[in-house]
Amino acid sequence: MLRIRITAILIMSILILLLTSPYSNAEDRYNKIGANENFVYYFDTASMKHVPQNKQLDFIKNPTEILSDGGYIEVWIKLEYTPKGIQDVIERRSKSKLPVEGYEQLSYTLDHWMIKTKDSEYLYLGSVDYGTGGKMLVQYNVPFQLRQWESVIPGSVGEDIHGAVILYQIRWYYKFNDLLKKGG
């Protein structure tokens, strides 16, 4: 009888998590971080993935443990361009002798990052540029042998992204912990 009750509580908790998880809510998929003259930037909560280094830590009971763990959060960053941002991208691509065809219709870019939870570092994995209507313009993946962790520059957009993603993950663990307390 106890086993059936535990199983029922576990199933109920999982259903509550799935139905209320910020990762599964399509309406709030992109969480706005900030804006500048070139773009508005967001992170994708639906595809975020926390990969802890220490699998023994209980992030549900103590969410701030994430700050001392050596793991990372994998996340997609969305940049929605302003007209000035589009011009800057076209100029930068032209100077680098990269194709600019279709870039006058540039709408947004999705950057793929890994963010360290303990240190102020990130790893850029690649990006995809999209035009209006969701047409893919270019996809770029950083070759494995060229990938390297970069320090987050204080006061930069990267620092805003790093802080917002980690704070969101901590809040998510607190929310999950609250759900477990209410359901159990």
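Every number in this text was worked out from the coordinates using simple rules, so none of it is lab data. What you see is a predicted model, and the numbers here were worked out from it, not measured in a lab. Cβ coordinates were reconstructed from backbone atoms using ideal geometry, including for glycine residues, and neighbour counts include every protein chain displayed.
On a full-extension model of 0.36 nm per residue, what is the gain between Val142 and Glu104, subtracting their alpha-carbon distance, rounded to one decimal in nm? Mind dumping the intermediate values first?
On the way: separation 38, 0.36 × 38 = 13.68 nm, distance 2.45 nm.
Here the answer is 11.2 nm.
Using Cα pairs closer than 8 Å and at least 6 residues apart in sequence, work out the relative contact order for region 40-139, in percent. Display every interim value, and only then the final one.
On the way: 179 pairs, mean separation 25.6, N = 100.
It comes to 26 percent, rounded to a whole number.
What pairs from Lys49/Lys182; Lys97/Lys135; Lys84/Lys118 go past 28 Å between their alpha carbons?
Details: Lys49/Lys182 25 Å; Lys97/Lys135 22 Å; Lys84/Lys118 35 Å.
Where the Cα-Cα span goes over 28 Å, the pairs concerned are Lys84/Lys118.
Taking the Cα centre of each part, how many Å lie between region 25-73 and region 88-112?
28
Counting other C-beta atoms within 10 Å, and keeping those with at most 16, which DSSP coil chymotrypsin sites (Phe, Trp or Tyr not before Pro) do you find in region 125-156? Could the numbers behind the result be given before it?
Details: sites: Tyr130, Tyr140, Phe144, Trp149; in loops: Trp149.
Filter output for region 125-156: Trp149.
To the nearest 0.05, what FRET efficiency results for Glu150 and Lys97 with a Förster distance of 30 Å applied to their C-beta separation? Numbers along the way, then the final one.
Working: r = 24 Å, r/R0 = 0.81.
The value I calculate is 0.80.
Length gain on complete extension for the stretch Lys84 to Lys49, per 0.36 nm per residue less the alpha carbon to alpha carbon distance?
Values: separation 35, 0.36 × 35 = 12.60 nm, distance 3.24 nm.
Gain in length upon complete extension: 9.4 nm.
Under a point spin-label approximation (7 Å from Cα along Cα-to-Cβ), what is the Leu67-Leu180 distance to one decimal in nm?
2.0
According to a simple spin-label model (label point 7 Å from Cα along Cα-to-Cβ), what is the distance in nm between Gln56 and Leu167?
3.2
Any idea what the relative contact order of region 64-112 is, in percent, if you count C-alpha pairs under 8 Å spaced at least 6 apart?
Rounded, it is 52 percent for region 64-112.
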